[in-house]
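The structure appears below as structure tokens.
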Amino acid sequence: MKKNRIILMFFLIMTSFLIFSQTAEDKLLTKKEKVLLNYTYQASHGNRIIKLQVLDKLLEGIDSKEFSSEDSQMVDIVVYLTQEGTSRKNFENNVLTNNYPDVRVKACKVLAKMKTENSRKALAEIIKNDENDVVLAEACISLGEIGDNANGDALRAIVYLYRSTYNPTQNLVFAIINSIKLVAKSTTRSYGDSISVLQEIMMGPYNQKVRESALEAIQYLRDN
């Protein structure tokens, strides 16, 4: 009888512990969902400053492990803000009112922290759709930080960026060089194209520092 009582007490304690743990976890999940829902509203209805603040909070949340790339709602917010003034345009009296390159730059930084296939795809879309050299350079840098996939999508996007940009700035060319150096692999389909891009830069109308960086990248890739 005594043994049965001990077993019953143990069972009740464990059940209470599990219920408490699940309740606490549910509360945390609900709290996070509410926070992200609030950020979603701010990202879609806020002005430029508020959109930047949302991205800053997401960066802090990623660093503190409050948010992760598994939070699909967070991913949606960041991708939404990468389209601010490009894929998604607001006009007032025929004037574009939401062209915020600094918002798109910061969104690229958040995508780089996430390091997922979705963030890689979003950055490739930025390269296709954006026309601001500063944003394009940040998208390129972020692709370099994330790395490539088996299909070589990141390298293909970087090669496309160079080929499709007329008279790129020195900052953008440096970003292209460094990103190719980070993601290019001899087994990747676009590897030969990336080497050609570096050779063109090395022989192109750029300053000595840019041309030397392209040469160093070629040598690095051939040695590794």
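The values are calculated or read from the model by the stated rules, or taken from the named source; none is laboratory data. Keep in mind it's a predicted model, so treat the numbers as computed, not measured. Note that each Cβ is placed from the backbone with ideal geometry, even for glycine, and that neighbours are counted across all protein chains shown.
Based on this model, can you work out whether Arg156 counts as part of a loop (DSSP other than H, G, I, E, B), more than 15 Å from Glu200 (Cα to Cα) and touching a residue at least 12 places away in the same chain (Cβ under 8 Å)? Here the answer is no, as Arg156 does not meet what is asked. Kindly indicate whether Ser186 is crowded, with 21+ Cβ neighbours inside 10 Å, over 18 Å from Lys115 (Cα atoms) and of a type in the set (S, T, N, Q). No; evaluated as a whole, the condition is false for this residue. A single member of Lys51, Lys57, Lys109 is part of a helix (DSSP H, G or I), within 25 Å of Ala157 (Cα to Cα) and not assigned by TED's automatic domain parsing to the domain that holds Asp153, and it is Lys109. When Lys128, Lys89, Lys109 are screened for being basic (Lys, Arg), over 18 Å from Glu33 (Cα atoms) and in contact with a Phe, Trp or Tyr (Cβ under 8 Å, 6 or more places away or on another chain), only Lys128 passes.
Checking the stated criteria, Val210 turns out not to satisfy the condition of being more than 25 Å from Gly85 (Cα to Cα), of a type in the set (A, V, I, L, M) and within 17 Å of the chain's Cα centre (by Cα).
Scanning segment 173-215 for residues that are touching a Leu at 6+ places or on another chain (Cβ under 6 Å), assigned to a helix (DSSP H, G or I) and of a type outside the set (Gly, Ala, Ser) yields Val183, Met202.
Is there a residue in segment 24-43 that is loosely packed, with under 10 Cβ neighbours inside 10 Å and either modelled with pLDDT under 90 or more than 14 Å from Val110 (Cα to Cα) (or both)? No; the residues of segment 24-43 include none that is loosely packed, with under 10 Cβ neighbours inside 10 Å and either modelled with pLDDT under 90 or more than 14 Å from Val110 (Cα to Cα) (or both).
For segment 191-224, residues that are touching a Gly at 6+ places or on another chain (Cβ under 9 Å) and touching a residue at least 24 places away in the same chain (Cβ under 8 Å) total 3. Filtered by the rule that a residue be in a helix (DSSP H, G or I), out of contact with any helix residue (DSSP H, G or I) (no Cβ under 6 Å at 6 or more places or on another chain) and not polar (S, T, N, Q), segment 112-133 gives Met114, Glu117, Lys121, Glu125, Lys128. Evaluated against (1) of a type in the set (D, E, K, R); (2) modelled with pLDDT under 90; (3) in contact with a helix residue (DSSP H, G or I) (Cβ under 8 Å, 6 or more places away or on another chain), Lys57 falls short on exactly one condition, (2).
Yes or no, residue by residue, for (1) more than 18 Å from Gly144 (Cα to Cα); (2) modelled with pLDDT of 95 or more:
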{"site": "Val173", "(1), (2)": "no, yes"}
{"site": "Asn178", "(1), (2)": "no, yes"}
{"site": "Ile195", "(1), (2)": "no, yes"}
{"site": "Gln199", "(1), (2)": "yes, yes"}
{"site": "Gly204", "(1), (2)": "yes, no"}
{"site": "Ser213", "(1), (2)": "no, yes"}
{"site": "Glu216", "(1), (2)": "no, yes"}
{"site": "Asn224", "(1), (2)": "no, no"}
